[in-house]
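Everything on this sheet refers to the single structure shown next.
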Amino acid sequence: MLSNIGIGLIVLVLILSFLTIYTASLDLKMPGQSIKKGIYKLSLFQTTFTVLSFFTLIIGFINSDFSLSNVYENSHTTKPLFYKIAGTWGNHEGSLLLWVNILVIFSYLFLVFNHTHNKKFRLYTLIFQNILILGFSFFLLLNSNPFNSIYPIPLEGLGLNPILQDPALAIHPPLLYVGFVGCSIYFSAAMASLISDYRGKLFAQSIKTWVKISWCFQTLGITVGSIWAYYELGWGGFWFWDPVENASLLPWFAITALMHSLIVLEKRNTLYSWVVILCLSTFILSVTGTFLVRSGILNSVHTFASDPSRGIYILLFLSLMIFSSLIIFFTKYKKETYNFNLKSRETFILANNWFMVFFLLTVLIGTLYPIFLDVITSVKISVGPPFFNIVIVPLVVPFVFLMAIVPKFSWIKLQNKIFYKILFLILCGVIINLFISHFFGKYSFLSNLIFIVAIFLILQSFLDIKKLINKKKKPELSRIISHLGFGLLVFFIGINHQFSLEEDFNLKVGEIKKTKNYEINFEGIKIRESKNYKAIVGNFKLINEKNDLVQYLNPEIRIYSNPETLTYEAAIKTKITSDLYLTMSNVSRSDYYNIKFQNKPFMIWIWISALMIVIGGFTQLTLKKNED
Amino acid sequence: MKIKKIIFIIYLSFFVPLHTNENSSELSEIYKNLRCLICQGQSIADSNSDFATTIKLVVQDLINEGKTNDEIYSFLISKYGEWIVYQPTFNKNNFLLWTLPYVVLVAGGFIILFIIRKKQV
Amino acid sequence: MKINISRIIIFCFVIFCLFVFWLGLKKNINYDTESLIGSRISNFQLNEINHNNQSISEKDLKNNEFTLINFFASWCAPCRTEHKYLLKLSDKKIKILGVNFKDKKSNANKFLKELGNPYDFVAKDSEGKASVLFGIYGIPESILIDNNLTVIKKIIGPIDQSQYNEILNLIR
């Protein structure tokens, strides 16, 4: 029965999309500045039905209704309630339903909250957004239907992957999708603005809030995903440059660039074409990311179970999106005049965009290159963390540097004296650094540069805060918080990367390993039976030889029965100054256990910095009224 | 004046003692650059598989024999193909991979300069 | 819409990329080392499983017209299924070198006693390090070489009927 309700609701949404497109097209020709009331009603009904369909699926999961094949494949009666609910979006079909939900909700909200803007523009946005909704709804119904039923109804489900039973991972997809899918609305708005010739400052104002919302959630989603990876996956890292991670990072670069360019578009009414390109590219990148992740074209630790038909459909949809946006952009393109002063703030925002595009294309090239090489020459290569670190990290130095000196330049005015002063001082710093690294021979030149610029940005931000408190000017606060957060993030990632201690060794029960500063005592093994798994718990006594501090860590090997999987739970002791990280796995057919021990300085500050960036973004959303 | 203070603090930061743990950090670095062939996207450092265990032993032996990192990578590439290293070697296949990003960077720079210059003229 | 050269280039580039994606969907994402066919095996020296004073090296294999190097272990279930093909091959004009991988001597001997011994020489690789010399990454795996020590076939996983026939064709 749930199956029929669910499918019925989706079909209703489809019909409403058609109706919306039709009535909106008719209303375009009508005179006057306000949109017909009926269109609002259609949109509201559409939202209601979509949300109801999502709740239908959730109810299916809560009740363990195995007549729905999606519930059967992804749930189990013994799963805790919270994870039953999270199972709704933890699979391909369910997450696609969430995708459709966000498309519809944002469509309605954009319609309702933008009534001060041009009618034709709003109607076209609605039309384009509904075309997107149609595309995804058809995909859902025809290929990836979460409401497919199975008969006879099985008594028990196939179970959710135990690795996915974690609170951070439960909220990670919804957060990320608001970012990913939220950018659909300004894709549609960009198309609409080209067609209805609603350009410049007004266009910027209409999409501003949506860009910021999607940026905040995208950043938060990526951060939560990294936190989860660190605490749950047992390798002590938080970013692997895995294709799926890169797929979420690509739109982030584009949205960040867009967010900054919007400032220029709104204040100086220039860069319109570039903003449109960014708006179109962001959602295109999101869909490309979805394609990479769900089609099975890439080998990754994160991929959903793959199915080639999905890939073909998404590729088709992606192609239509790219071609239609190219055609509309080229037909409606109008040449712009640019009006810049070289040392003003606009140029810095252009520079920000320049770097963002560089980072974006590097990650894109790194992720796609293996596919292209394999198709063209049948040679298989791997592109992983070393490539991305080597290409991206050196360029982070000038990027952070520019971030630090931007506030010194206000709009339009030339500030020659300060400019040359800074340049001179930084030049001194570089020369000093060269001497030092030559003298000590041990320092990594690059990481030193990273530290210099990061500290520069951090201190500059603190100075800005001091100025702010004295002058009581609110608008800059969000930028300062986010940029400070970014500086701290770069700094702490640098420290973590440079000063982390990692040891990999094999031990038997009762043995002791001495590493630099630590003595690790493998005291024993205990077996613990839990609700749906059996755990082999290791008892480790760690003695810090510098200060004689004794700590106990208990990593686990968990054996799950449904489905049969093995996971490795790391023992993590988090402190303000560092994290101690210990994982244990057994070496097959031997009494030895492979132990990975890590000491990671200031680990928790990485999360704090990332969250600070997000808080800065949310601050700006709530302080909307105090612009300029 | 304030900037001079900042620079001074930065200058001081160079004297933070840097402890490098030569051997194990080098091993870690190599393990992280090698790909586990039977896993779905994991490095030898992160994997708990049998293959990873074997490769770790071989790498340790090679280090003890005095081989450099590059020699170790070449050796493993000759046995398993280029797929096993995460840092692509710079050869005619991967030439585009390593150069395109910088081409983009330089091209972007020129475009921006071009846009800015337009008005100055 | 103005038709100019840069727009044509952009369109062509997009079509090219989408086409590559489409082709990429059909490719196998799992990696295997079959592409290493044609290379020479490296120099090695392995001890016999029961007698440490006996050893075998690549020089010995040059004397054979064809050698099949088979990596196996008593704890490996698929090794049992392929064993009958190894026994069949032991009658043909091909020498079989068995390498016992990460196993206990007693278990390996029991295994061969139970299923039969098709090997002309059983070497031991108790830590698995020799397998890396041959580019092995899983058990069972077999390499067919000629008298120039060139790899002419790699079989990843247990030998089945079709691969058995292929081997017969190659050693004709």
## Note on the structure
So the pair-distance distribution of the stretch B:47-121, from every Cα-Cα distance in 5 Å bins, comes to percents of 3, 13, 14, 15, 11, 8, 8, 6, 6, 5, 4, 3, 2, 0
## Note on the structure
The rounded separation in angstrom of the Cα centers of the stretch A:90-115 and the stretch C:28-68 is 59 Å
### Task
Evaluate the charge dipole of chain A about its Cα centre and quote only its size in Debye, nearest 20, assuming +1 on the Cβ of each Lys and Arg and -1 on the Cβ of each Asp and Glu.
2700 debye
## Note on the structure
For the stretch A:113-193, shape from the Cα gyration tensor axes a ≥ b ≥ c, cut at a/c of 1.5 then a/b versus b/c, turns out oblate
### Query
Taking a ≥ b ≥ c as the square roots of the eigenvalues of the Cα gyration tensor of the stretch A:174-339, is the shape rounded (a/c under 1.5), prolate (a/b larger than b/c) or oblate?
oblate
### Query
Using alpha carbons only, what's the Rg to Rh ratio of the stretch C:90-164 with Rh from Kirkwood?
0.95
### Message
For a 20 Å ceiling on Cα separation, which of these pairs sit above it: B:LYS79/C:LYS153; A:LYS508/B:LYS79; A:LYS514/A:LYS541; A:LYS37/A:LYS120; A:LYS29/A:LYS201; A:LYS508/B:LYS56?
### Response
A:LYS508/B:LYS79; A:LYS29/A:LYS201
### Query
Based on DSSP, what percent of beta bridges with both residues in the stretch C:31-172 are antiparallel, to the nearest 5?
60 percent
### Query
On the first, second and third principal axes, largest extent first, how far apart are the outermost C-alpha atoms of the stretch A:105-254 in Å?
53, 44, 24
### Task
Under 1.5 on a/c is rounded, so check that first for the stretch A:256-411, then, if it is not, pick prolate when a/b is larger than b/c and oblate when it is not; a ≥ b ≥ c are the square roots of the alpha carbon gyration tensor eigenvalues.
oblate
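Can you give the longest stretch of chain A with no exposed loop site, where a site means GluC sites (Glu not before Pro) in a DSSP loop (not H, G, I, E or B) with at most 13 other C-beta atoms within 10 Å? Mind dumping the intermediate values first?
Working: sites that count: A:GLU156, A:GLU545, A:GLU564, A:GLU627.
Between the exposed loop sites, the longest stretch runs A:157-544.
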### Query
Amide H to amide H, which residues 5 or more places from A:THR77 or on other chains are under 5 Å from it, using H placed in the peptide plane?
A:GLY157
### Charge dipole (chain A, unit charges on Cβ, about Cα centre) - positive-most of A:PRO154, A:ASN544, A:SER500
A:SER500
### Task
State log₁₀ I(q)/I(0) for the stretch A:503-604 at q = 0.10, 0.16, 0.21 Å⁻¹ as given by the Debye formula over alpha-carbon point scatterers of equal weight, solvent excluded.
-0.29, -0.70, -1.10
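Could you please tell me the mean projected area of the C-alpha convex hull for chain A, averaged over all directions and given in square nanometres to one decimal? It would help to have the intermediate numbers written out before the result.
Values: hull surface 130.7 nm².
Over all viewing directions, chain A projects a mean Cα-hull area of 32.7 nm².
Helix-derived [θ] at 222 nm for chain C: sum -39500 (n - 2.57) over DSSP H runs of at least 4, divide by residue count, nearest 500?
Details: 6 runs with 64 residues, N = 172.
One gets -11000 deg cm²/dmol as the mean residue ellipticity at 222 nm.
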### Sum of -39500 (n - 2.57) over DSSP H runs of 4+, divided by residues of chain A (222 nm, nearest 500)
-22500 deg cm²/dmol
### Query
Tell me, A:SER309, C:SER142, A:SER149, C:SER106 in order of fewest to most beta-carbon neighbours within 10 Å?
C:SER106, A:SER309, A:SER149, C:SER142
### Query
Applying the Karplus parametrisation 6.51 cos²θ - 1.76 cosθ + 1.60 with θ = phi - 60° to the phi angles of the stretch C:49-58, what ³J(HN,Hα) value in whole Hz is obtained for each residue in order, glycine and proline being reported as x?
5, 9, 10, 5, 7, 9, 9, 9, 9, 5
### Task
Using a 10 Å cut-off on Cβ to Cβ distances, tally the other chain neighbours for every residue of B:43-49 and report the average as a whole number.
6
### Query
What dipole magnitude, in Debye to the nearest 20, does the stretch C:34-170 give about its Cα centre under +1 on Lys/Arg Cβ and -1 on Asp/Glu Cβ?
240 debye
### Message
Which GluC sites (Glu not before Pro) in the stretch B:53-86 sit in a loop by DSSP (not H, G, I, E or B) and have at most 10 other Cβ atoms within 10 Å of their own Cβ?
### Response
B:GLU65
### Query
Among A:PHE387, A:PRO243, A:PHE217, whose Cα lies farthest out toward the positive end of the dipole of the protein assembly as shown, if unit charges sit on the beta carbon of Lys, Arg (+1) and Asp, Glu (-1)?
A:PHE217
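Based on the alpha-carbon set only, what is the convex hull volume of chain C divided per residue, in Å³?
Details: hull volume 28.2 nm³, N = 172.
Each residue corresponds to 164 Å³ of Cα convex hull volume.
Using the Cα centre of the stretch A:503-604 as the reference point, and only Cβ charges (+1 on K/R, -1 on D/E), how large is the resulting charge dipole? Debye, rounded to the nearest 20.
Here the stretch A:503-604 has a charge dipole of around 100 debye.
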### Task
Once you have the Kirkwood Rh of the stretch C:128-172 from its Cα pairs, apply Stokes-Einstein at 4 °C and 1.567 mPa s and quote D in µm²/s.
114 µm²/s
### Query
In what sequence do A:MET321, A:MET1 fall when counting other Cβ within 10 Å, fewest first?
A:MET1, A:MET321
### Summary
The residues A:LYS531, A:LYS513, sorted from fewest to most surrounding Cβ atoms within 10 Å, come out as A:LYS531, A:LYS513
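So what is the relative contact order of chain A, in percent, for Cα pairs below 8 Å that sit 6 or more residues apart? Don't skip to the answer; put the middle values down first.
Values: 1007 pairs, mean separation 67.4, N = 628.
Contact order relative to length: 11 percent.
Bear in mind these aren't lab numbers, they're just calculated from the coordinates by the rules spelled out. All values reported here derive from a predicted model rather than from experimental measurement. Note: ideal-geometry Cβ built from the backbone for every residue, glycine included; neighbour counts use all protein chains shown.
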